[in-house]
Each structure stands twice: as structure tokens, then as C-alpha cells.
1. Just give me the residues in the stretch 95-134 being of a type in the set (A, V, I, L, M, F, W, C), over 15 Å from F168 (Cα atoms) and in contact with a strand residue (DSSP E or B) (Cβ under 9 Å, 6 or more places away or on another chain), in sequence order.
2. Identify, by number, the condition in (1) out of contact with any Lys or Arg (no Cβ under 9 Å at 6 or more places or on another chain); (2) at pLDDT below 95; (3) not hydroxyl-bearing (S, T, Y) that V117 doesn't meet.
3. Checking Q96 against (1) of a type outside the set (K, R); (2) out of contact with any Lys or Arg (no Cβ under 6 Å at 6 or more places or on another chain); (3) under 17 Å from S153 (Cβ atoms), only one condition comes out false. Which one?
4. Filter the stretch 73-120 for residues that are part of a loop (DSSP other than H, G, I, E, B) and in contact (Cβ under 8 Å) with a residue 40 or more places away in the chain; which is surrounded by the most Cβ atoms within 10 Å (Cβ to Cβ)?
5. How many residues are in a strand (DSSP E or B) and either among the acidic types (D, E) or out of contact with any Phe, Trp or Tyr (no Cβ under 9 Å at 6 or more places or on another chain) (or both) if we restrict to the stretch 133-173?
6. If you take the residues of the stretch 121-173 that are surrounded by 18 or more Cβ atoms within 10 Å (Cβ to Cβ) and among the basic types (K, R), which of them is nearest to L77 (Cα to Cα)?
7. Take the stretch 133-151 and flag every residue that is over 17 Å from the mean Cα position of the chain (by Cα) and touching a residue at least 60 places away in the same chain (Cβ under 8 Å).
Amino acid sequence: MRRYGLIGLGALILIVALVSNTGGATLEASPAISPTWTRVAPPTLTPTPAWPVVTPSLPPTVTPAAPLARDGAAIWLRVQGRAGDPRWQSLWTVVQWQDALGDWHDVEGWRGTLDEVAKGEGRKVWWLPAELFGAGPFRWVIYAQPDGAVLASSPAFHLPESAGKVEFVTVTF
């Protein structure tokens, strides 16, 4: 609002200067010119539907054979690489969904560092609610670090179709 006030003040000073330089002639404001500033509303954009923010909720002791404690399911990323690779500490994982045009988009909330790394394999698990069963296609993307270079991406997959199921995806970098 301060910016518009300064612009209006500048216009007023300009009008006073013009009146004083016209030798006493009177300037009349045209009815087509508004002395006040108005803000034009931006166009209304239809937002793309956002995926729900999902946080991991599986305890670290869950193994593939153990049943899920909720009515949901899970996607489980297995990242395979060299055990001594120094990049393990900075790897960043993102789940992406594919639209009807074939473009990939990050799923908000399904991103982060690996949950665990042991013996050349890292793991990331995301729990998902029943309303997402069977959705897809999705893929995992492994980055060197947040906003870093892409190291690997998985083939496309669909989310599990029923409670207690786990969709395992393996990626090698």
C-alpha cells in the first residue's frame, strides 16, 4: 500500500507543477482519469489436486513378513549400492506420480533421507491410507542430495490394492 501512496503523491506534485507553469490557467481533470489507484485482481487459477501429505508411521522393527498395524499398506524402497560409498549419508528420495500427459510430479510429503542403511542397502518406507489403494503410476527418484543430481529412478509402479500389502521397489545407484 505504501508504494501506491508514493505514486499518488508523485502524480499530485506533477499536477501542481503543471498548474503553476501554465501561467494561471486552470487544469481540469478528465472524467476518464481516476485519481485513485485500483488493484486488478489476478486471474483465477484452478489448482491442481494435491496428494495428501503422508508421513511414515511404520515402526523401524517392521519386516516384510510382518503385517501392517493399520488398515493401510506401504511402499518400500530398497536402494542398493556399494557398502562403503560415502554418498549414503546424503541420498535424498522422492516419490513422483505421472499425469495423463506422461509428465512426472513430486508427491508432497513423500520425500526424505533413507530410513536405514545396512550392508550396501538403504531403505525408505511410506505408509499409505486405503483411499490411495491401486493409484498410479508412481516412481521413486534417488538424488545425490536435496536438489542434487539424479542418481537413479525406479520403473513405474502402482500402489498396493489392499490393506496389509507392501509394494517393494528396488533401485541400484
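The values are calculated or read from the model by the stated rules, or taken from the named source; none is laboratory data. In this text, all values refer to a predicted model and were calculated from it rather than measured experimentally. When we count neighbours, we look across all protein chains shown, and the Cβ atoms used for this are built from the backbone with ideal geometry, even at glycine.
1. Let us first name the residues in the stretch 95-134 that are of a type in the set (A, V, I, L, M, F, W, C), namely 95, 97, 100-101, 104, 107, 110, 114, 117-118, 125-128, 130, 132-133.
Going one step further and asking which of them are over 15 Å from F168 (Cα atoms), we end up with 97, 100-101, 104, 107, 110, 117-118, 130, 132.
Matches in the stretch 95-134: W97, W104, V107, W110, V117, A130, L132.
2. (1)
3. In the conditions (1) of a type outside the set (K, R); (2) out of contact with any Lys or Arg (no Cβ under 6 Å at 6 or more places or on another chain); (3) under 17 Å from S153 (Cβ atoms), Q96 misses (2) alone.
4. Filtering the stretch 73-120 down to residues part of a loop (DSSP other than H, G, I, E, B) leaves 81-85, 91, 99-103, 113-115, 119-120.
Next, from what is left, pick out any that are in contact (Cβ under 8 Å) with a residue 40 or more places away in the chain: 81, 91, 115, 120.
Details: G81: 19, L91: 24, D115: 16, G120: 13.
It comes out as L91.
5. At the first step, the residues of the stretch 133-173 found to be in a strand (DSSP E or B) are 138-143, 150-153, 157, 166-172.
Now restrict to residues that are either among the acidic types (D, E) or out of contact with any Phe, Trp or Tyr (no Cβ under 9 Å at 6 or more places or on another chain) (or both): 167, 170, 172.
Of the residues in that region, 3 qualify.
6. Selected residue: K124.
7. Hits for the stretch 133-151 are F133, L151.
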